[in-house]
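Here the structure is laid out as C-alpha cells; the discussion comes afterwards.
The values are calculated or read from the model by the stated rules, or taken from the named source; none is laboratory data. Computed from a prediction, not measured in an experiment: that's the story for all the values here. Neighbour counts are summed over all protein chains in view; Cβ atoms, including those assigned to glycine, are modelled from backbone coordinates with ideal geometry. Each accessible area value is taken on the protein alone, full model and side chains, heavy atoms only, with ligands, DNA and RNA left out. Shrake-Rupley method; radii C 1.70, N 1.55, O 1.52, S 1.80 Å.
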Amino acid sequence: MPYEIDETHDPSLESWVESANDPETDFPIQNLPLSLWEMTNLSSQGTHILVPIGDSFLDLDELVEHDLLDRSLYPTFHYDDFDDASKSLAAVMRSSPETRRRLRERISDLLTGKDPSLRDNPEAREECLLDGDDVHEDAMPETHSIGDYTDFYASVHHATNVGSMFRPDNPLLPNYKWIPVGYHGRASSVVPSGTPIVRPKGQTAPAEDGGAPGFGPCKLLDYELEMGVVVGRGNDLGEPISIADAEDHILGLCLLNDWSARDMQKWEYVPLGPFLAKNFATTVSPYIVTMEALAPFRSPRYERPDGDPAPLPHLDSDHDRDAGALDITLEVFIATKQMRDKGIAPHRLSKGNFKDMYWTVAQMLTHHSSNGCNMQPGDLLGSGTVSGPTRDARGCLLELTWDGDPFANPPVKATGADRTPIDLPSGEQRKFLEDGDEIILKGYCEREGFRRIGFGECRGIIQPAKG
Ligand code: CA
C-alpha cells in the first residue's frame, strides 16, 4: 500500500503559522496541497508553486533559493520564462511516492518548527511565507500543464437518474457495471477557479421531427459536481498500469466542475457521446490535495448490491476493495447576482460524498491504460458527476430539479421534462443556470482521530453568450 499514515498526519501537530491551527481552516499542517500561481505584482514574478498553510502560502521555489529545500525533493529550473514552475510541478509528478513522501515530511518539519531554520530566520520567512490576502490580490491561480483530459461517469446514482429520464424501465446500459464508462474531453478549456464562464451557443434539437435544429445561446445550462484526479507518473505506450500500481501513478485530487449545456448535449450526443455541450469550459480548484494527505480518509469501495457482477480480475484487488474509495464530503452552492447584490449568503444545492462512487480512482486509471494507452504526468481524469442515493445528494441541476426518483420505494417515474424549480432565499427560482449565477464547489475530509482537511473552493460565474 503506497500511501500510509505517518507522523505528518498526527492530529496534535501544530504550525507556528497560527492561522493553520484554526479548526475551520481547509489548510492545516496535515494537508499541504500543491498549487500553481502566476504572480503579477508581487516581488517574486513569474509562476510559482505555493503550498497553502492556514491563511498564508509557502513558496517552494523561494525555499530552494534559501537552501531550505533540497533540489532532489523539489527540482527548480532557471527563471527564464513562466513555464519553469510548471516544469517543477511536472518533476514532482514524475517522482516516486517515496520522494513525494519525503517532500511532504520536509515541508511539515519546516512548518511545525521541528526544523526551526525557516521559523527562526526572519529574512527567509519574509520571502518564503506569503500573506494570503496579497496572493489573492496580486496573483492568479493557474492550472498545471494538462496534456489530456478524460471524463468518467462513475456514480451509479447519477447514471441511473440520467438514464431514467430517457429509459425509465432500463436506465443502465449493459456495460455500466463492467467498465468505468468515459469519454475524451478537451484539455485546452480546463480553467482555474474564478475564470468567468461564457454561456455557450450551439445547435439544439428541432422543435418537430424532420425540422431544422435551432442555433443560439444554451437555454439549459448546468454544472456537474466532480472530483478531478491528477496523474503523477505516466506509463509507456503499450504498457498498461496494473490495479496494484494504479495509486502510485496518482498525484492527488482537486474539485472539478464539468459545465454542461443540456439542450445541446441531448441533440449531439448520439452516437459518439458528449462534444460541444461539454468542451466550452471545465473549472478546477487550484489546490491538488495529495494522495499522501488523503491517507487517513480511505474507505471501503462502494458495496455492489446483490446481483451485480464482481469487477473483472484486472479491475479488482483486496486493497481496492478494502480501501479504494475516498471519504470526501462534497457540497455545491449557488449565489445569483441578486443574492450577491443583497448580501445573501450562497445557498446550498446539494451535499454528497465521493465514497459513494461505483468505480474507484484506481479502477478508472487502470481501465484507461488497460489497452496500453499512455497516461502522462498532469493528465486530468474527471470522476463523473458525484451523486448519492438521496435527492439532496444529486450533483447537478439536471437531477436536482427532475421529478423522478428511481431510488424511492416504490420508484417515482417521470420523463426528463417533468421538473420542479428550486426556491432560492432571494425569492428567485432555478431549473437551470441564469446569467450572473455563481456556482461554488467545496470539499473536505473528516474522520474521528484525524485533523479535518479541505480542498478550498471551485468557483465560476456565468456570463451572457457572446455575439
Ligand atoms: Ca461529467
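So the values come out like this:
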| item | result |
| --- | --- |
| Debye, to nearest 20: dipole size of region 149-463, +1 on Lys, Arg Cβ, -1 on Asp, Glu Cβ | 740 debye |
| Two-site FRET efficiency, residue 373 against residue 71, from Cβ-Cβ distance with R₀ of 30 Å, rounded to 0.05 | 0.40 |
| Unsatisfied cross-links (Cα-Cα over 24 Å) in the set 355/431; 177/413; 201/431; 337/442 | 355/431 |
| Accessible area in the full protein assembly, largest first, 1.4 Å probe, for 62, 24 | 24, 62 |
| Backbone HN-Hα couplings from phi across region 291-299 [Karplus 6.51/-1.76/1.60, Hz, Gly and Pro as x] | 4, 4, 5, 7, 3, x, 10, 7, 8 |
| Additional length obtainable on full extension of the chain from residue 426 to residue 448, 0.36 nm per residue less Cα span | 4.2 nm |
| Calculated P(r) of the chain - Cα pairs past 44 Å, % | 12 percent |
| Ranking by accessible area, most exposed first, for 333, 215 with a 1.4 Å probe | 215, 333 |
| Cα centre as origin, Lys/Arg/Asp/Glu Cβ charges: region 7-142 dipole, Debye | 840 debye |
| Spacing of the two label points (7 Å from each Cα toward its C-beta) at residue 117 and residue 275, in nm | 5.7 nm |
| Helix-derived mean residue ellipticity, 222 nm - over the chain, DSSP H n ≥ 4, -39500 (n - 2.57), to 500 | -5000 deg cm²/dmol |
| Virtual paramagnetic centre 7 Å along Cα→Cβ of residue 5, amide N under 20 Å, in region 296-314 | 296-302 |
